[in-house]
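This report concerns only the one structure given below.
A short reminder: the numbers here are calculations on the coordinates, not readings from a lab. Just so it is clear, the structure is predicted and the values come from calculations on it, not from any experiment. We place every Cβ from the backbone using ideal geometry, glycine too, and count neighbours over all the protein chains shown.
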Amino acid sequence: MSFRKVNIIILVLAIALFLLVLHRNFLGLSNLLRNEASDTGIWGLQPIDFAPNAPQPAVDRWPEEIPVVIAASEDRLGGAIAAINSIQHNTRSHVAFYIVTLNGTADHLRSWLNSGSLKNIRYKIVDFDTKLLEGKVKQDPVQGDSVKPLIFARFYLPVLVPSAKKAIYVDDDVIVQGDVLALYNTPLKPGHAAAFSEDCDSTSAKVVVRGAGNQYNYIGYLDYKKERIRKLSMKASTCSFNPGVFVANLTEWRRQNITNQLEKWMKLNAEEGLYSRTLAGSVTTPPLLIVFYQQHSTLDPMWNVRHLGSSAGKRYSPQFVKAAKLLHWNGHFKPWGRTASYADVWERWYIPDPTGKFSLVRRHMEVN
């Protein structure tokens, strides 16, 4: 056999071997992407889809993602859409949205996300099973309204984002004006599973919120007449925090079984009524205050400029609102409602509902 023929045979074998290796690597990558897209959760949290329209680059080339968790209820869906839109367009980072909703809202949400400027975002819709809350919450006879199940989604972050080490949680009544990378990089002290915005910080203290209870201290959220609360030895004057925006160290969250701790206090409250009767804020706040007592880091106050929804009046100057990294319309006056401060700032990020089910309520729409 000539030397030339030997070289040709070696070359053919080398090409065949290369093609075989390439084929096996392609199959392995395809399986990896398929497993990523069909990941199923536990505790009743079931992923419905993940980034159906977004381009799927090779896994080993995808930069670090910033997981952002947000709940999306049917009656407030426009708020979640505006929040997502503001986050997506004010960052250069790769954000993955984990949108928690009830099964009946998924199709409506998906049709909204697949239209307009949001159609290329990377997201996962997660169905929240309300059975998770059985025996843990009860209806408040004073308020008369049934508890909204999605407000407890923030308690289950490690399940919602199973592969992440950190995540951001935001309420649906926010607009983000800064790059969430800065929020994501908030330093957390060793042993701390989350960073919250203190209610005694400089921005919050500018606003006196009228209502029942003390808005800034533990006594406004917990019933210190109850023996179980007194035994915790938590000072009633301790500054509370707002859980509508926070950064979580999910590795530490899992290590400390934070979710189990929160569920424990939910059950105890359902049995014994441990929350303040003049509850200052959401029913999700008291168990978080207990579990994270003196065990949480703090956010930059500009990343949760809140109380914009506490009244229809403008409590902050236009210059301050423009400088804020995140605006939070916590309170009864939502920016998609009839009266709210700086609704025009929120509406810049609102995308009209292509199905027409959700519409803004404005004064000029009223019929005299």
- Query: With the contact rule set at Cα under 8 Å and sequence spacing of 6 or more, what percent relative contact order holds for region 228-344?
  - Reply: 20 percent
- Could you name the lysines whose alpha carbon sits less than 23 Å from that of Lys334, not counting residues in the same chain fewer than 8 places away? Lys148, Lys206, Lys314, Lys322, Lys325, Lys357
- Item | Estimated FRET transfer efficiency when R0 is 45 angstrom, pair Lys314-Ile15 (beta carbons, to 0.05) | 0.05
- Contour minus Cα-Cα distance for Lys267 and Leu360 (0.36 nm per residue): 29.8 nm
- Note on the structure: Rounded to one decimal in nm, the spacing of the 7 Å Cα→Cβ label points at Glu347 and Arg254 is 4.5 nm
